[in-house]
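This report concerns only the one structure given below.
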Amino acid sequence: MIDENLKQKIDTVREEVKSDMIGMQNKIDELEKNCKNKTYRRKRKEDEEVTKNKMPTLLKDGLTLSDITLKSVCRKEGRGSYPVVVIVEIDNFDNKSKIMKNKRKLRANRVYENVYINSDQHVESRNIQASIRTVLKELGKDKDYKFVGTRLVKNK
């Protein structure tokens, strides 16, 4: 009798402790989620400000172009381990051509060796390129061809 009563009390205490633990774990998860969101928002804002300040420095130090002014700088969201894309809008076409001519200087600079500058493409041309890449991959020829700008070129 005493054993049965003791077992019942132990079981009820276990159930209470278990439900309390589940409730505490849910509260901890909620607090962690809130902390992450706040930090992420603050970090994103800082990243945008840092990006806006880094672009003129990249032009001056990496490309040795000091007379170019930027119209706007927009940092896109990164996806997992992929690098972040920064879209820079330039005032006129002459400045863009100067940047495109000098972009190979970035390879020689240790600070900017992992920075790549490409001309922006329309959504339609990116979709067409993606479908062509898919077809080439299915045919097993994806290693034989590459896109240079908007042209499909055979690898040497």
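Nothing in this text is a laboratory measurement; each read-out follows from the coordinates by a stated rule. No experiment lies behind these values; they were computed from the predicted model shown. Note that each Cβ is placed from the backbone with ideal geometry, even for glycine, and that neighbours are counted across all protein chains shown.
Computed values, structure above
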quantity: Kyte-Doolittle mean at least -1.0 and Cα axial length at least 15 Å: DSSP H helices in the chain; calculated: 123-139
quantity: Within the chain, helix-based [θ] at 222 nm, where runs of 4 or more DSSP H residues each add -39,500 (n - 2.57), nearest 500; calculated: -19000 deg cm²/dmol
quantity: 14 Å beta-carbon shell around Gly23, net charge (K/R +1, D/E -1); calculated: -3
quantity: Pairs from Lys103/Lys137; Lys98/Lys137; Lys96/Lys154; Lys105/Lys154; Lys71/Lys154; Lys71/Lys141 whose Cα-Cα separation, in the structure shown, is over 32 Å; calculated: Lys98/Lys137; Lys71/Lys154; Lys71/Lys141
quantity: Candidate values (1) 31, 16, 14; (2) 26, 19, 14; (3) 55, 26, 13, label of the one derived for semi-axes √(5λ) of the Cα gyration tensor in Å; calculated: (3)
quantity: The range 111-156-the range 3-22 distance, computed between alpha-carbon centres (Å); calculated: 64 Å
